[in-house]
Amino acid sequence: MTADAKGPILEARGVTKQFGGLTAVNDVSFSIPRRAIVSLIGPNGAGKTTFFNILTGLYKPTVGRVSFDDQNITGGRPDKIMALGVARTFQNIRLFGTMTALENVMVGQHSRMKAGLIGSILRPPHVRHEEQRVRAKAAEALEYVGLKPRLHEQLATNLSYGDQRRVEIARALASDPKLLLLDEPTAGMNPQESENLTHFMERLRDELGLSILLIEHDMKVVMGVSEYVTVLDHGEKISEGDATTVRSDPNVVEAYLGKQEAERQSAEDGAG
Ligand SMILES: Nc1ncnc2c1ncn2[C@@H]1O[C@H](COP(=O)(O)OP(=O)(O)OP(=O)(O)O)[C@@H](O)[C@H]1O
Ligand SMILES: [Mg+2]
């Protein structure tokens with residue numbers, strides 16, 4: 001069967017998440033085609049990270065259904081969902097500061113290691129072999145994301161911001177995902193680093209066949225890399241389509257600028 005004959009890699013239907021009286025995500029349906037880069041945008045507090053947390057099993061949706069690679073994963077455990085092939089990075093970098101870059105990436109493969117805790121302590125030969133394999137794979141992932149070899153043994157806390165982001169992505173890649181979720185990966189990056197990341201995402205898609213869902217505030221990145229863009233505002237999907245369509249959608253302009261400013265701008269445009 002060809003890849004095209006299959007449905008989307010991920011599909012969410014009617015997903016709602018309430019926190020007490022607050023509806024953070026409201027009846028959102030959304031899908032990610034295979035081998036596509038799609039973006040999720042929206043103002044602060046729109047529900048983007050909450051939506052990620054639902055897709056990765058950190059939160060159970062109040063209502064709705066999520067399927068990944070044709071399997072129902074609604075409310076599934078995060079480690080199980082990761083083992084199926086969903087990996088992510090976090091809005092706030094979550095590395096172990098007192099571990100090296102390499103060790104941080106090795107942790108990412110933990111869910112794939114056969115030896116349990118006891119095996120890791122007693123370290124019989126087959127465990128040492130597995131550890132060597134995991135280490136080699138971690139080094140490979142770090143090379144792939146472009147972390148200089150001399151930095152592999154540096155403590156994560158001593159790395160630059162951009163390099164810490166690389167390590168996080170390497171850790172996500174080391175779990176052999178089919179879908180990669182990136183929550184504001186360019187936050188804190190300079191324009192050159194952001195542009196590099198854009199090309200890197202295209203490489204992940206083209207070389208590894210990954211699908212990528214990107215939450216991003218940098219519109220240059222979003223417009224440059226996304227096949228489709230979905231816009232959330234106050235938990236609701238207010239627009240969807242290719243980058244150009246979404247950018248000129250009055251709903252989107254209003255969500256970002258506020259109604260008055262949007263009307264003022266459209267009146268100005270009308271006046272020529
Ligand atoms: N665990 C939680 N408990 C209660 N409320 C929450 C929780 N997580 C998120 N929220 C609320 O849900 C809403 C959506 O938050 P979310 O973090 O998903 O927004 P976001 O689109 O990622 O925003 P940003 O661009 O600032 O990262 C906010 O009002 C937030 O305060
Ligand atoms: Mg967020």
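Values in this text are rule-based calculations from the coordinates and carry no lab data. Bear in mind the structure is a predicted one, so any value in this text is a computation, not a measurement. So basically every Cβ, Gly included, is an ideal-geometry build from the backbone, and we count neighbours across all protein chains shown.
A few notes on this one:
- Mean separation of Cα contacts under 8 Å, 6 or more apart, over the residue count of the chain: relative contact order %: 25 percent
- Multiplying the residue separation of Asn251 and Glu227 by 0.36 nm and subtracting their alpha-carbon distance yields 6.7 nm.
- Net charge contributed by nearby residues that have their C-beta within less than 14 Å of Val253 (K/R +1, D/E -1): -4
- Each Lys or Arg adds one and each Asp or Glu takes one away; over the other residues whose Cβ falls under 9 Å from the Cβ of Lys178, this sums to -1.
- Under 5 Å between amide hydrogens, built in the peptide plane, is the criterion, and for Arg88 it picks out Leu181 among residues at least 5 positions away or on other chains.
- Each residue of the range 258-268 was assigned a 3J(HN,Hα) from its phi angle through the Karplus curve 6.51 cos²θ - 1.76 cosθ + 1.60 (θ = phi - 60°); the sequence is x, 4, 4, 5, 4, 5, 4, 5, 6, 5, 4 Hz, with glycine and proline shown as x.
- A simple packing score, the average count of other Cβ atoms within 10 Å per residue, orders the peptides 144-152, 23-31, 179-187, 125-133 as 179-187, 23-31, 144-152, 125-133, with the highest score first.
- Around the amide H of Ala174, modelled in the peptide plane, lies no amide H under 5 Å away from a residue 5 or more places distant or on another chain.
- Charge tally for Asn26 (other residues, Cβ to Cβ under 11 Å; Lys, Arg +1; Asp, Glu -1): -1.
- Electrostatic dipole magnitude of the range 184-263 [Cβ: Lys, Arg +1; Asp, Glu -1; Cα centre; debye, to 20]: 60 debye
- Potential lengthening between Arg133 and Glu153 on full extension [0.36 nm per residue; Cα-Cα distance subtracted]: 5.5 nm
- Scalar couplings 3J(HN,Hα) for the range 239-255, obtained by applying the Karplus form with A = 6.51, B = -1.76, C = 1.60 to θ = phi - 60°, are 6, 7, x, 6, 4, 5, 4, 5, 5, 9, 6, x, 4, 6, 4, 5, 4 Hz; x denotes Gly and Pro.
- Point-to-point label distance, Asp242-Tyr161, nm (Cα→Cβ direction, 7 Å offset): 3.4 nm
- Approximate shape of the chain as ellipsoid semi-axes (Cα gyration tensor, √5λ), whole Å, largest first: 35, 22, 17
- Qualifying trypsin sites (Lys or Arg not before Pro) in the range 1-73, DSSP loop, other Cβ atoms within 10 Å at most 13: Lys6
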